[in-house]
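Let me begin by presenting the structure, written as structure tokens, before commenting on it.
The values are calculated or read from the model by the stated rules, or taken from the named source; none is laboratory data. Treat the numbers as computed from the prediction; the structure is a model and nothing was measured. Glycine also receives a Cβ, built like all others from the backbone with ideal geometry; neighbour counts cover every protein chain displayed. The protein model used for the area step is the full one, side chains on, heavy atoms only, and it has no ligands, DNA or RNA in it. Shrake-Rupley method; radii C 1.70, N 1.55, O 1.52, S 1.80 Å.
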Amino acid sequence: MSETTEQNEKQLWGREGFRNDPYIEAESLDAAGDAPAVILPLAAWLGLDDDIRRTSNRRIGVMVAPGEDIEPLLDKLDTIPLIALQFPAFNDGRSYSKAELLKGRHGFSGELRAVGDVLIDQVVFMLRAGFDTLQVSNPIALERLNASDLHDTPGYYQPGRGSAQTAGGYSWRRTPAG
Amino acid sequence: MYRYDEFDHAFVAARVEQFKDQVQRRLSGELTEDQFKPLRLMNGVYLQLHAYMLRVAVPYGTLSAKQMRKLGSIARVYDRGYGHFTTRQNIQYNWPALGDIPKILDELAEVEMHAMQTSGNCIRNVTADHFAGAAADEVADPRPFAEILRQWSSLHPEFSFLPRKFKIAVTGAEHDRAAIQTHDIGLHLKKNAAGELGFGVYIGGGQGRTPMVAKNIRDFLPAEDLLSYTTAIVRVYNLHGRRDNKYKARIKILVHETGTEELTRQIEAEWRALKESDLKLPQGDINAIDTYFRPPVLPERPEGWGTLAVAKRADAGFAAWVDQNVTPHRHPDYGVVTISLKPIGGIPGDASAEQMELVADIAEKFSQDEIRVSHEQNLVLPHVALADLRTVYDLLLTDGLATANAGLITDIIACPGLDYCALANARSIPVAQRISERFGAPARQSEIGDLKIKISGCINACGHHHVGHIGILGVEKKGEELYQITLGGSADEITTVGEITGRGFSSEEVVDAIEKIVDTYLGLRTGRQENFLAAYRRVGAAPFKEALYGPVSRAA
């Protein structure tokens, strides 16, 4: 019962604001019933037959815990609609590096989602590392995102997504795009 | 020195505004201490034994007179009239009220300073040789690269939640004054045969409960690859460093457990993918940052040679200070002055508001407006004409800043210890004070010669005891403070971790034990030219253990 309540409190947010989340999380395809979009744990996702992944009429995303390696996903990226990287605690930063590798190095074009302990002070880091969406349940984060108050800085000292090089500025500096 | 441009000003101002809001929400009760903790740590605010502590970054230890004056004024207005300079070239205020901290940050921003990344599991303030840009033995000034690293690491989206804190040090001379081999990354700026700048790269040095000397993983990294290579190192660490145990989370443990060769392979593989990315430093950018650190134009002052000799002959106290606290400058008419913050019987690294202001005034008039903070918790005037040394000395004398003990036995590094720190097991400051008093007579100190004593009040080793020629570690045993002694540590170009002598000593015994060690050294050295460390390296621990514990059979 309490689990359902918790699920209801999670909201999905992206640069354009809050949005509906078509995905459900499930341990296996069977457990997902007839949901049209499912997120499976990495092991379950890797256990699927390649054909099922390709021919299924449902979207099958994959959830990766911080201690899990993204290597086995790399040659299948074009078949993955969504990768969710976990933040079991806000201070476990491994998923930032994975986001950077997936989006920056390997050109993953599906949805990259941050799930777990998403706090307002990490939102900009997540967006810049390459996350498209964040699953948010922290009340302060929800309130600030509702008010479009991202705790952003007017400039950044590193290249990152959603930013542009400043004309005549140092090569490592960026300003928010748009 | 570096000056903020509009970009930097806007960035720091935005962070101060955010923190103001967070403090407001904490004070109003909207945020609990637990929720506030990660936010305050991003801004250098710790909760200590008695109060909040604010640690302010002094990037690579370089300050202008105006900045130093501001640090003094903050000590007076918001603290108890003093501040504490740390082994990472920063300054700490031990008693600020939380409600005042946003105002302090505002005032710091006015003089282009901040407290970001002085705590938390991120890339901390980048440190550098405190004699950078002045020392006669320097190949190139490391500070432009420290500044590039400072900027690049500020609120880094990928590297703000590392397994543990991450410290980078840079030196530009063969003689390492920045202790680079005790850092997570140590960079040795040098020139190759073609005269191009690059870095010897070391990783995995550190102290704490598992002291390790850094491993050299690259002899010469071209300067343009600084950020891509650093990114590769930190990314491999972020992904694979241990997070199950905070005492095993530093990169030194990853190096140790993975093996230097294998970890280097991973780093190099990551780097090959990054090398030609946006992180490559254009020479134009390196030059532009370098311009800020262009050496000051120093007028010829040859009259100093003669006047200095006369003044030294006339005053033995002044002569001792010059011999001990003034090091050669690259300009022969100038010297680099170390201002000791280790008065006999005083608290290592503490400076009063008035002392800070005095140093600021002197720097403005006599040192090209520049001051350095050393990791040995002293201050440095990098560009003083020999002809002005007497005047500078007289001014320093007026407020107890002319102690002639740089590098001597009373120039002790000590962590704040149990007097302030929530982590400490034992007091450090009182032990430092008693050792200082025991050996404080100028003739005795000078007879003993170069000897670095470093004291930590717990195994976290903030007082760098592992790399003290004599190290003292405070531990707690059955409710009593006990002090363990290590010998033979060093943090220069030949970095070694000190060896534990044997059982620890009580607070009452420890100073006598140090005296026995010193007397043993004096008895066995080949002459004054063989300093403590050299003698120890020649004879080993045995004679010292015997002096401390009696015949060898008992010590073994």
Cα pairs beyond 42 Å in the protein assembly as shown, in percent, come to 32
For segment A:113-124, Karplus couplings with θ = phi - 60° (6.51, -1.76, 1.60), whole Hz, Gly/Pro x | 10, 9, 10, x, 7, 9, 10, 4, 6, 9, 4, 5
Can you run phi through the Karplus equation (6.51, -1.76, 1.60; θ = phi - 60°) for segment B:330-338 and list ³J(HN,Hα) in whole Hz, with x for Gly and Pro?
-> 5, 8, x, 8, 10, x, 9, 9, 9
Would you work out if segment B:303-397 is rounded, prolate or oblate? Take a ≥ b ≥ c from the square roots of the eigenvalues of the alpha-carbon gyration tensor; rounded if a/c is under 1.5, else prolate when a/b is larger than b/c, oblate otherwise.
-> prolate
Relative to the compact globular guide of 2.2 N^0.38 Å, what is the alpha carbon radius of gyration of segment B:461-522, as a ratio?
-> 1.13
Along the dipole axis of the protein assembly as shown (charges at Cβ: +1 for Lys and Arg, -1 for Asp and Glu; origin at the Cα centre), the most positive-end residue among A:Gly110, B:Val12, B:Ala432 is B:Ala432
Treating only Lys and Arg (+1) and Asp and Glu (-1) as charged, each at its beta carbon, one finds that segment A:2-152 has a dipole about its Cα centre, in Debye to the nearest 20, of 440
Return the ratio Rg/(2.2 N^0.38 Å) for segment B:183-327, where Rg is computed over Cα atoms only.
-> 1.52
Under Karplus coefficients 6.51, -1.76 and 1.60, residue-wise ³J(HN,Hα) of segment B:70-85 in Hz, glycine/proline x | 5, 4, x, 5, 5, 4, 6, 7, 10, 10, 9, x, 8, x, 10, 7
Cys residues of chain B counted as unpaired, since no other Cys beta-carbon is under 4.7 Å = B:Cys122, B:Cys421, B:Cys458
What does the charge add up to near B:Tyr60, with Lys and Arg as +1, Asp and Glu as -1, over the other residues with Cβ less than 13 Å from its Cβ?
-> +3
Sorted by chain and then number, the residues having a modelled amide H within less than 5 Å of the amide H of A:Val38, at least 5 places away or on another chain, are A:Ile24, A:Arg59, A:Ile60, A:Gly61
Which semi-axes, in whole Å and largest first, does the equivalent ellipsoid of chain B have when worked out from the alpha carbon gyration tensor as the square roots of 5 times its eigenvalues?
-> 33, 29, 26
Bins of 5 Å from zero: percent of alpha-carbon pairs in segment A:1-126 = 2, 9, 20, 24, 22, 15, 7, 1, 0
Cα-Cα P(r), segment B:449-493, percent of pairs per 5 Å interval | 7, 27, 28, 20, 11, 5, 2, 1
Carbon-plus-sulfur fraction of the accessible area of the protein assembly as shown, 1.4 Å probe, in percent?
-> 50
Whole-number D in µm² s⁻¹ for segment B:417-555, Kirkwood Cα-pair radius fed into Stokes-Einstein, 4 °C, 1.567 mPa s | 86
Computed for the protein assembly as shown: size of charge dipole around the Cα centre, +1 on C-beta of each Lys and Arg, -1 on C-beta of each Asp and Glu, debye to nearest 20, value 1040
q = 0.14, 0.16, 0.19, 0.20 Å⁻¹, segment B:1-149: log10 I(q)/I(0) [Debye, one scatterer per Cα] | -0.68, -0.88, -1.21, -1.33
Greater than 28 Å apart at Cα, pairs in A:Lys98/B:Lys248; A:Lys98/B:Lys275; B:Lys20/B:Lys248 = B:Lys20/B:Lys248
Cα extents of segment B:216-259 along the three principal axes, largest first, in whole Å?
-> 35, 17, 13
Within the set A:Lys103/B:Lys215; B:Lys66/B:Lys365; B:Lys70/B:Lys167; B:Lys454/B:Lys516; B:Lys454/B:Lys478, which residue pairs have Cα atoms separated by over 21 Å?
-> A:Lys103/B:Lys215; B:Lys70/B:Lys167; B:Lys454/B:Lys478
About its Cα centre, segment B:303-397 carries a charge dipole, from +1 on Lys and Arg Cβ atoms and -1 on Asp and Glu Cβ atoms, whose size in debye to the nearest 20 is 360
Square roots of five times the Cα gyration tensor eigenvalues for segment A:73-149, Å = 23, 12, 10
Taking the Cβ of B:Leu341 as the centre, find all other residues whose Cβ is under 10 Å away and add up their charges (Lys, Arg: +1; Asp, Glu: -1).
-> -2
For B:279-287, what's the mean count of beta carbons from other chains sitting within 10 Å of each residue's beta carbon?
-> 2
B:Glu174: net charge of surrounding residues, Cβ under 15 Å, Lys/Arg +1, Asp/Glu -1, itself excluded?
-> -4
